[in-house]
Amino acid sequence: MAYKYNYESDKSHFLYKIIRPLAKIVVNSRYKITYVGVENVPTDRGIILASNHITAMDPIIIGVGCKVKFHFIAKEELFEKKIVGWFLANLNAFPVDRSKFDFPAMNHAVKVVEDGGALGIFPEGTRSHDFKPHEAKGGICYVAKKCKCDVVPVSIYTSDEAKRIEGDCFAIWQRRSPCKNCISYRALTEKKQFSKIEKLKSGTYQVIADYREVDGSPCVLEMIKTFDENTAIDYGDEEKKDVLPLSEYFDKTYKDVLTETYNRRYYEEYVADNVLDGGVAMLDLDDFKIYNDLFGHSVGDAVLKAVVATIKSHIHLSDRLIRYGGDEFLLIVPDIKEIAFKKWLRGVVQSVRETTVEEYPSIKPSISVGGVVCDGESVEEAVKRADEFMYIAKKKKDCVITDNSEHGDFKKTSPEKELVLIVDDSPINRQILSGILKSEYDVEEADGGRAAIEKIEGYKSNIAVILLDLVMPEVSGFDVLDYMNAYGLISNIPVVTITGDDTGDSVRIAYEKGVSDYITRPFDARNVYRRVANTIKVYSRQRRLISEITRQTKEKERSRSMMLEILSQIIERPSGGEEGSHTTRITEFTRLILERLICKNNPYGFTGSDVSTIAYAAAMHDMGKSRIDPEIVNKKGKLTSEEYETMKNHTVYGSEMLEKIKGYADEPLVKYAREICLCHHERYDGNGYPNGLKGDEIPVSAQVVSICDVYDALVSKRPYKPAYTHERAIEMIKNGECGSFNPLILECFYERADDFKKITERGKTIDE
């Protein structure tokens, strides 16, 4: 039963006057304490004594040396046992909840000071062993501001003898066991001097262990020097010496290059052996392998950096984020309670869910988290427990698991089981496999290849995985694989083969036919379950991503088609006077030539994405006409020289209009559209406009659109001319009546001329 502290009734404790003298005797008998500067502590008014915190005895040591009535704040966990809590209360201690700003405790602290007492407080909120100041909590500022009182700094230092009483030397370095690279032991045994660099939260230190003999007795003198940001290290070969600041040296050694978090080496050397009061969490990025496989490693890296940036936005200076391996991260949060830690982790998961990856807005990352809170436990032990919870969380994904009860809840609320089809002519094999899997999956069985095909036809893509025996009478497993390949099912339904021999050709042939994995007889239950689960997970992720990509592609194509139609109405009807869907045809013509160009050894290095982008950009080639007087654009008959010069300005106008689009200037669609608008009337021999560009000075995209625009102008009815036939248009282009063009692009045009004619005739039918 916990001790319930009452701030109203526990204002004065009679035992304090009895215990204080006794405590002084006990402390002085156990420790050699020297108080320095006690005469400077005010006794005529309330004060705050702000101290560093090294041992559990610190409040008593300070209280014994204090000449006024002393009160101190203690973590509420110490009051969980009734007797201990009662004893502490009678020492004028009162509890504080460290997981939040505890207003009752802080207001009681204010009352203590206002009543003229001395309030002992440890601003760092926890113990430290490095004798260096750490980040202070907000409570001391609140009390000091409320009371407008003096804050007296207190420093506690231990002598070498005191350090021995507290524990072994390695406790100074916040470790539970001797250092793996103990230089003092080496110095003693080898009678030499050794040095090393040690890293703590408070800073970096150089340690020198020097062998000495004093009065004939061997000993080791340890010297510790603090490194600062100005310390530099020389490294490199004899020809070139580079000077590297220590901070940069440390980063190169213990920081991950990609994410700029701490690396695994840092964890093993400086964290694993530490004793921690606080939270430890393992975080795994969901679907990371799929991002790499489908989009490439550069996209995977971008996702990783974006997620890490989000996580970093939640952590404090005292927290540690470590890249534990690949897409797994370790997060250490000191001095946090379980409820607060769980709530905090859920906030991190939610923020990651809302993270956007620059240049890849379609990707929606998520993380699975396992967390534990430890009290005096080594980080290494806590990591093992957190890792177990993380793997439980990964089954559900995008969630936090912090204890076993949550795992139980997850099982109860899990969605409908996935379907596994076991295909084997042996009833015993089917029974064994079914027994292994049926607790987690719905299981269907088929006693041969023919029955398997019937099951596949019935369930189709609802099957999560097929366990397929290769050697069966009549219709073998290979026959089933041939059927699945013939109907394109192997890419949607993963297959794990069953074999008694993984050294022969059967497994190799099965892989060539598209299987994902294999299991061997005799069956190992753990191995079977893991391989099945992993196969299902990979394929489900792949299907989700492919589905999402397909959806987004369709949306993008629909948006582009809609834009094309809008442009057709804006450009053609009010200003161009051109009958029919000129803009749409230019898009189709451009795509035809570019696709043909790629087939001709692709001299310009276009991708399929480039083809699509340039084709849609071509739709904007005449948008500058919207700024030309409609009377000039729609004039029936030949333009005057002045009108012609005005008309030529539509190329510049279109480019300027696109240039003014804020925030999209670097988008490929806009870039291609700008160069097409400006240059589609340039000619290969330099006789075009507006700039008289020649040859490959003209962007290839504009060269392609140029010939498409000329052809469509010839075969279309315009205010100033009738429509020419397809054959006559081809003849005019060949004869150079419409200017000169890139020979290779001309060749592509002639090769796709029949397709141009079909599109033109189809357009005339629609217009009619």
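The values are calculated or read from the model by the stated rules, or taken from the named source; none is laboratory data. As the structure is a prediction and not an experimental result, all values here were calculated from the model. Please note: Cβ atoms are built from the backbone with ideal geometry, for glycine as well, and neighbour counts cover all protein chains shown.
Each row is one residue, and each column tells you yes or no for (1) over 29 Å from the mean Cα position of the chain (by Cα); (2) at pLDDT 90 or above; (3) within 26 Å of Ala464 (Cα to Cα).
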{"position": "Thr356", "(1), (2), (3)": "no, no, no"}
{"position": "His407", "(1), (2), (3)": "no, no, yes"}
{"position": "Pro415", "(1), (2), (3)": "no, no, yes"}
{"position": "Pro427", "(1), (2), (3)": "yes, yes, yes"}
{"position": "Asp442", "(1), (2), (3)": "yes, no, yes"}
{"position": "Ala446", "(1), (2), (3)": "yes, yes, yes"}
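Inside the stretch 304-319, residues that are at pLDDT below 90 and either over 26 Å from Asp277 (Cα atoms) or among the small types (Gly, Ala, Ser) (or both) make up a count of 2.
Could we say that Ile73 is within 20 Å of Phe101 (Cα to Cα), modelled with pLDDT of 85 or more and not aromatic (Phe, Trp, Tyr) here? Spelling it out, Ile73 is indeed within 20 Å of Phe101 (Cα to Cα), modelled with pLDDT of 85 or more and not aromatic (Phe, Trp, Tyr). Given (1) modelled with pLDDT of 60 or more; (2) hydrophobic (A, V, I, L, M, F, W, C); (3) in contact with a strand residue (DSSP E or B) (Cβ under 7 Å, 6 or more places away or on another chain), where does Leu246 come up short, assuming only one miss? Unmet for Leu246, out of (1) modelled with pLDDT of 60 or more; (2) hydrophobic (A, V, I, L, M, F, W, C); (3) in contact with a strand residue (DSSP E or B) (Cβ under 7 Å, 6 or more places away or on another chain): (1). Inspect the stretch 292-310 for any residue being under 23 Å from Glu124 (Cα atoms) and not basic (Lys, Arg) and give the result as yes or no. Scanning the stretch 292-310, I find no residue that is under 23 Å from Glu124 (Cα atoms) and not basic (Lys, Arg), so the answer is no. Scanning the stretch 20-33 for residues that are loosely packed, with under 12 Cβ neighbours inside 10 Å and either modelled with pLDDT of 75 or more or closer than 18 Å to Ile121 by Cβ (or both) yields no hits at all.
Being within 19 Å of Asn107 (Cα to Cα), buried (at least 20 other Cβ atoms within 10 Å of the Cβ) and within 44 Å of the chain's Cα centre (by Cα), is that true of even one residue in the stretch 39-48? Scanning the stretch 39-48, I find no residue that is within 19 Å of Asn107 (Cα to Cα), buried (at least 20 other Cβ atoms within 10 Å of the Cβ) and within 44 Å of the chain's Cα centre (by Cα), so the answer is no. Among residues of the stretch 134-150 that are basic (Lys, Arg), those with a Cβ under 9 angstrom from a residue that is surrounded by fewer than 16 Cβ atoms within 10 Å (Cβ to Cβ) and outside any helix (DSSP H, G or I), sequence gap 6+ or separate chain, pair up as Lys137/Phe101. The set of residues in the stretch 366-390 that are surrounded by fewer than 22 Cβ atoms within 10 Å (Cβ to Cβ) and not in a helix (DSSP H, G or I) comprises Ser366, Cys374, Asp375, Gly376, Glu377, Ser378. Of all residues in the stretch 644-665, exactly one satisfies the criterion of being free of Cβ contacts under 8 Å to residues at least 24 places away in the same chain and crowded, with 16+ Cβ neighbours inside 10 Å, namely Met647.
Picking from residues in the stretch 596-614 that are closer than 15 Å to Tyr672 by Cα and surrounded by 11 or more Cβ atoms within 10 Å (Cβ to Cβ), the one that is modelled with the lowest pLDDT is Ser612. Taken over the stretch 500-527, residues that are of a type in the set (Val, Ile, Thr), outside any helix (DSSP H, G or I) and under 39 Å from the mean Cα position of the chain (by Cα) amount to 3. How many residues does the stretch 286-342 contain that are assigned to a loop (DSSP other than H, G, I, E, B) and more than 26 Å from Gly376 (Cβ to Cβ)? Qualifying residue count for the region: 6. Whether any residue in the stretch 107-119 is in contact with a His (Cβ under 8 Å, 6 or more places away or on another chain), modelled with pLDDT of 75 or more, of a type in the set (Gly, Ala, Ser) and not in a helix (DSSP H, G or I) is what I want to check. Scanning the stretch 107-119, I find at least one residue that is in contact with a His (Cβ under 8 Å, 6 or more places away or on another chain), modelled with pLDDT of 75 or more, of a type in the set (Gly, Ala, Ser) and not in a helix (DSSP H, G or I), so the answer is yes. If we scan the stretch 666-678, do we find a residue that is among the aliphatic types (A, V, I, L, M), surrounded by fewer than 20 Cβ atoms within 10 Å (Cβ to Cβ) and within 16 Å of Ile614 (Cβ to Cβ)? Checking the stretch 666-678: at least one residue is among the aliphatic types (A, V, I, L, M), surrounded by fewer than 20 Cβ atoms within 10 Å (Cβ to Cβ) and within 16 Å of Ile614 (Cβ to Cβ).
Remark: pairs (first residue in the stretch 511-523, under 12 Å from Leu470 (Cα atoms); second residue surrounded by 14 or more Cβ atoms within 10 Å (Cβ to Cβ) and charged (D, E, K, R); Cβ separation under 6 Å; 6+ apart in sequence or on different chains) = Ile519/Arg531.
Of Glu645, Glu595, which residue is over 24 Å from Glu747 (Cα atoms) and either within 47 Å of the chain's Cα centre (by Cα) or in the same structural domain as Ile733 (by TED's automatic domain parsing) (or both)? After ruling out the rest, the residue left standing is Glu645. Taken together, the criteria exclude Asn52 from residues that are out of contact with any Pro (no Cβ under 6 Å at 6 or more places or on another chain) and surrounded by fewer than 19 Cβ atoms within 10 Å (Cβ to Cβ). Scanning the stretch 733-750 for residues that are in a helix (DSSP H, G or I) and in contact with a helix residue (DSSP H, G or I) (Cβ under 6 Å, 6 or more places away or on another chain) turns up Ile745, Cys748, Phe749.
Taken over the stretch 713-731, the residue count meeting the criterion of being of a type in the set (A, V, I, L, M), assigned to a helix (DSSP H, G or I) and out of contact with any Phe, Trp or Tyr (no Cβ under 7 Å at 6 or more places or on another chain) is 2.
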